[in-house]
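Derivation of every value follows stated rules applied to the coordinates shown; laboratory data play no part. Since the structure is predicted, the reported quantities are computational estimates derived from the model, not experimental observations. Positions of Cβ are backbone-derived with ideal geometry, glycine not excepted, and every protein chain shown enters the neighbour counts.
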Amino acid sequence: MTQEASSHYSEATVAPASASVLRAVAIAFAGSLLLALASRIAVPMFPVPMTLQTYAVLLLGAMLGWRRAGLSVAFYLVEAAMGFPVLANGASGALRLIGPTGGYLLAFPVAAMAVGLAMCGSLPQNRLRTFALMMAGHAAILAAGSAWLATTLGWETAIAVGVTPFLLGSVVKSALVVVTVEALGGARRHLSA
């Protein structure tokens, strides 16, 4: 192979790969912005506010697949740690990741990736299965968040303030994810590919 042919060959193979990576990063960054917007829709509560964050986290998992969803949430947490006001009520800072809501926040990427993996599995998707996956995602987030809270508040208080107030919201947000996934079903193939 000549020098010119070899150079042309490597440019042709690198260009599609770099375009694919750029597309994946752009989609993941857009997902982090969706999550930041969802955090702005909040009902102030102490020590954990009620927001649409978990809706967005699980929707990202369902729509983007596990890699891009995980990257989206990782971008979001890095944005928060860097001081961008992306958390609930416009909060930011690395200390928020180890504060009262830290367990919930650190569970976000795990839940998004788990939902993404399950949604890409070989089992056929239907409303009930999707709803069950979203409820499992919420349960994982609430379990991690309450366990984190329990280290300072004790289990009884952690459940009372970190789980119980969010149960109805988890059901509603899980149903909302199901409706959104169905409405955007065609886009799911393009976003997760």
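Amide H contacts under 5 Å for Met50: Val43, Met45, restricted to partners 5 or more places along the chain or on a different chain, H placed in the peptide plane at 1.01 Å from N. Here the chain is treated with +1 on each Lys and Arg Cβ and -1 on each Asp and Glu Cβ, and its dipole about the Cα centre works out to around 340 debye. In the chain, taking the dipole from charged Cβ atoms about the Cα centre, the farthest positive-side position among Met119, Gly70, Ser146 is held by Met119.
Between Gly121, Gly31, Gly162, the Gaussian network model of the chain with springs among Cα atoms under 10 angstrom shows the greatest mean-square fluctuation at Gly121. For log10 I(q)/I(0) by the Debye sum over Cα atoms at q = 0.17, 0.18, 0.19 Å⁻¹, computed directly from the structure shown, the correct entry in (1) -1.21, -1.35, -1.49; (2) -1.05, -1.16, -1.26; (3) -1.09, -1.24, -1.39 is (2). Listed values for region 140-148 are Karplus-derived 3J(HN,Hα) couplings in whole Hz (6.51 cos²θ - 1.76 cosθ + 1.60, θ = phi - 60°), namely 5, 5, 5, 5, 5, x, 6, 4, 5, and x replaces Gly and Pro. Per residue of region 72-82, what does 6.51 cos²θ - 1.76 cosθ + 1.60 with θ = phi - 60° give for ³J(HN,Hα)? Whole Hz please, x for Gly and Pro, Karplus curve as stated. In residue order, the calculated couplings are 4, 5, 4, 4, 4, 5, 5, 4, 5, 4, 7 Hz. Over the Cα atoms of region 128-193, the radius of gyration divided by the Kirkwood radius equals 1.14; this is the Rg/Rh ratio. When the chain is treated as a GNM with alpha-carbon contacts under 10 Å, the residue of Met82, Met119, Met63 showing the greatest mean-square fluctuation is Met82. Across region 52-193, the mean sequence separation of Cα contacts (distance under 8 Å, 6 or more residues apart), normalised by length, yields a relative contact order of 31 percent.
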